Every structure is written in structure tokens, then in C-alpha cells.
Amino acid sequence: MPDRSTVWRWIGRLAATAVGITLGGAAAPALGQPDEVLRLRIVGGLGQLSQYTRHERPFWTRELPRLTAGRAVGEIVAFDEAGLNGQEMLRLLKVGAVPFATALLPLSATLDPPIGAPDLAGLNPDIATLRRHVAAFRPFLERRLRERWNVELLAIYTYPAQVTFCRKPFAKLVDLAGRRIRTSNPTQSNLVEALGAVPVQTAFSEIVAKLRSGDIDCAITGTMSGNTIGLHEVTTHVNTLAANWGLAIFGANTAAWRALPTDLRDLLQRELARLEQSIWADSERETGEGLACNRGGAGCVSGRPGRMVVVEADEADRLRWRRTVVSTVLPRWIERCGDTCAEVWSSTLAPVTGIEAAPRAR
């Protein structure tokens, strides 16, 4: 990990330069010119997770130079390792302080609530459903980022499923009523409340300690990240229904993007689409592997085998999951977000989900 002062000097240079060429109107050199090497500076996602270590960092540092025969190279740092505030990433992109970056939508939605719509808690119990909803929302997201944030949307990534771990047995969602459950965002808290349980906002680093002490009974977190921190040692049961996934966008400041040679823009659009597909496939695989590791199944490769009971959701629980979105999660989100969010939902996700946004009480 780079030291903080080095990272901030690196970030500071981004305000004056992007991709190694000035943004003062000078034409970018053609990618094929042998005397020019374009250096792209990128801020990536969470540095300890596989999206960054297996995909983002290798793409920019190894694949891009290979694909361009050394004519373009990438320098990348994870935003959390750089000490940057993930909630500010869209602002940094907008002003060009960061020319290329991964921005986590749950954090970015604190600045622009409508963009959090496709991953409301309970909306996407499986990755197939998430794919449909993201596809329906993508055209709006592209326009919103370009018009409001001066950002070109180049890819949408997803983290693995966040599911419910509990230290006492349960077989159905109804069994969670009254339990204190760790949540990490407001829509998760709304979901938990709709199940008759008590949401407890808890930092990821505090989950195991709070489970051991009895401060919480259950925790919503990733299937594999939960295994990594040892939840298979302090909990006994885990549900398969995804509360959230954790979407992220990869975007470019518009001026930085337009300053690139046309052939490099074409290459990046093509290759980033492939990178997006790889990240989604790995998130699906890691979701399944996390469950396999927690129960001690044969599919556990990179985690630690546990002896947990995996609670497979039946149709009744899937229907109840959906009802929580209709009755609580979506209405509460619109209450916080306002009429704009209701309009966005109605024009993008209502047709594909079949869930209408009820008007706010006046």
C-alpha cells in the first residue's frame, strides 16, 4: 500500500493533468505514434476485495499495456487505500481532480439519491434479477452521470451478494423477527424492520466482536467476505437471499475522456465491456463459493471451510422478500428521496419490476 503523502501528491497531479496530456485543448497524439506513451491515472474500488485485486488492477497495469503494445499504461490506486472518501468520488470526477475512477453507487447515492435505485435492499434476491434491473436502469444512469456529474459511464460492476448470517438457528424469514441484525445502509435497515427485526448499523470491522458479545444476533454481509472475517466460526446459519449486491460504476471525466485518441477510446469501450462481464461472472462465482466455504462444501477453493447450515429460500420467503420492498423499502426510500426518485423509479424500474411507486403523502 502506498503511503498517504505519496498518494495525495499523486492525486494532486491529476487536477492539472489527465492521461499524461494536458486538457488545455491540445489534440491528443494518435495511439499508434511510437514516440508517445499515454499514462492513465485511475482510482479503483475497494483495495482488499477481488474486484480490485483480480480484475481492476491487472486490467490497467497488465492488460492495457498488452492490448496497446505498450502505447498506453495505467497507474491505479484503490480509493480506500488512498485515503479518499468514497462519497466524494463523483465530485472529484466532475471537476477533473480524478480523471478515471470507480465509484460505489451506495456511497455516491448520498450525493445523488436516484442513482441508488437499482440495488434497493430486497429488490434483487439473485444475480439474474439484478442483471435485468441494471439493464433497465442503465440508460438513465448514463444520462444522469453525463448531465449532472460531467462523467462518461464506461462500465457497471457488482460485488458478490450480501446475505444474512445468524448465530442461532432459523429456517424461515419469519424466524428473524425480534433479532438484532447488523445493517450497513438505510434500505437494509428498512428491510430488517419490515421483517419484524431490529436493525443495528455496524461497521464491517466490528461484526465479529458484536456477534461474540451478543450485541447483535445476525449480520448482513457478503458470503465470502463474511467467511474471510470468520463468521463461519461465530454464526451457525446463513440465508441465500441477497439483501444487496453493491453496485459500482467506472467512469471518466468528460474532458479527460475526450482528450484520449479515438482509437484508444474505442479500445477501452470494447475492453471495459469485457472487464464488466468478467467482474459480474466472478461475483456470481464468489457468491456461490462463499456459501460453499461457510458450509464446508467441495466448492470451497479460496476460503476457510466451516460447518454452517445454508438456509435455502423457498417460494414463500422469496415472495415475502418482495413484499418488504413493496410495503416498506421502496416507500421509505421515496420518502427520503422525494418526488424526483418516484419519477425515476416509475420511468425506469417500475416496468421491469412490476412494482409501482406510491405517491408521497402530502
* Structure fact -> Selection from region 255-283 of residues charged (D, E, K, R) and under 22 Å from Ala103 (Cβ atoms) yields Arg258, Arg265, Arg270, Glu271, Arg274, Glu276, Asp282
* Structure fact -> Note on Asp266: of the conditions (1) among the charged types (D, E, K, R); (2) under 21 Å from Pro160 (Cα atoms); (3) part of a helix (DSSP H, G or I), unmet is (2)
* Asked: With respect to the numbered conditions (1) more than 30 Å from Glu36 (Cβ to Cβ); (2) touching a Phe, Trp or Tyr at 6+ places or on another chain (Cβ under 9 Å), which one is the sole condition not fulfilled by Met89?
  -> (1)
* Asked: Looking at region 289-300, is at least one residue among the basic types (Lys, Arg) and either assigned to a helix (DSSP H, G or I) or more than 23 Å from Gly116 (Cβ to Cβ) (or both)?
  -> yes
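Residue-by-condition table, conditions (1) touching a Phe, Trp or Tyr at 6+ places or on another chain (Cβ under 9 Å); (2) small (Gly, Ala, Ser); (3) under 19 Å from Thr187 (Cα atoms):
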| residue | (1), (2), (3) |
| --- | --- |
| Ala292 | no, yes, no |
| Ala313 | yes, yes, no |
| Glu335 | no, no, yes |
| Asp339 | no, no, yes |
| Ser347 | yes, yes, no |
| Ala350 | no, yes, yes |
* Asked: Would you call Gln162 in contact with a Gly (Cβ under 8 Å, 6 or more places away or on another chain) and either crowded, with 21+ Cβ neighbours inside 10 Å or more than 30 Å from Arg91 (Cα to Cα) (or both)?
  -> yes
* Asked: Looking only at residues in region 322-362 that are in contact (Cβ under 8 Å) with a residue 12 or more places away in the chain and outside any helix (DSSP H, G or I), which one is nearest to Asp112 (Cα to Cα)?
  -> Gly338
* Could you list all residues from region 202-258 that are out of contact with any strand residue (DSSP E or B) (no Cβ under 9 Å at 6 or more places or on another chain) and buried (at least 18 other Cβ atoms within 10 Å of the Cβ)? => Met224, Asn227
* Structure fact -> Only one of (1) touching a strand residue (DSSP E or B) at 6+ places or on another chain (Cβ under 6 Å); (2) assigned to a loop (DSSP other than H, G, I, E, B) does not apply to Leu93, and that is (2)
* Sort out which residues of region 194-224 are more than 18 Å from the chain's Cα centre (by Cα), closer than 22 Å to Leu123 by Cβ and not β-branched (Val, Ile, Thr), and write them in order of number. => Ala194, Leu195, Gly196, Ala197, Pro199, Gln201, Cys218, Ala219
* **Selected residue (only one of Glu88, Glu75, Glu56 is of a type outside the set (Ser, Thr, Tyr) and not in a helix (DSSP H, G or I))** => Glu75
* To do: Please enumerate the residues belonging to region 309-321 that are surrounded by fewer than 13 Cβ atoms within 10 Å (Cβ to Cβ), acidic (Asp, Glu) and assigned to a helix (DSSP H, G or I).
  => Glu315
* **Residue selected from region 293-325 under the condition of a type outside the set (Phe, Trp, Tyr) and under 23 Å from the mean Cα position of the chain (by Cα), by the criterion modelled with the lowest pLDDT** => Ser302
* To do: Working carefully through the options Ile76, Ile42, find the one that is at pLDDT 95 or above, buried (at least 16 other Cβ atoms within 10 Å of the Cβ), touching a Lys or Arg at 6+ places or on another chain (Cβ under 6 Å) and over 20 Å from Arg148 (Cα atoms).
  => Ile76
* Unmet requirement for Gln51, which otherwise passes all of (1) among the polar types (S, T, N, Q); (2) at pLDDT 95 or above; (3) buried (at least 19 other Cβ atoms within 10 Å of the Cβ) -> (2)
* Structure fact -> When region 56-72 is checked residue by residue, the ones that are closer than 18 Å to Leu154 by Cβ and either over 21 Å from the mean Cα position of the chain (by Cα) or surrounded by 21 or more Cβ atoms within 10 Å (Cβ to Cβ) (or both) are Glu56, Phe59, Trp60, Thr61, Glu63, Leu64, Leu67, Thr68, Ala72
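The values are calculated or read from the model by the stated rules, or taken from the named source; none is laboratory data. Values in this document were obtained by computation on a predicted structure and should not be read as measured data. Neighbour counts run over all protein chains shown; Cβ positions are idealised from the backbone, glycine included.
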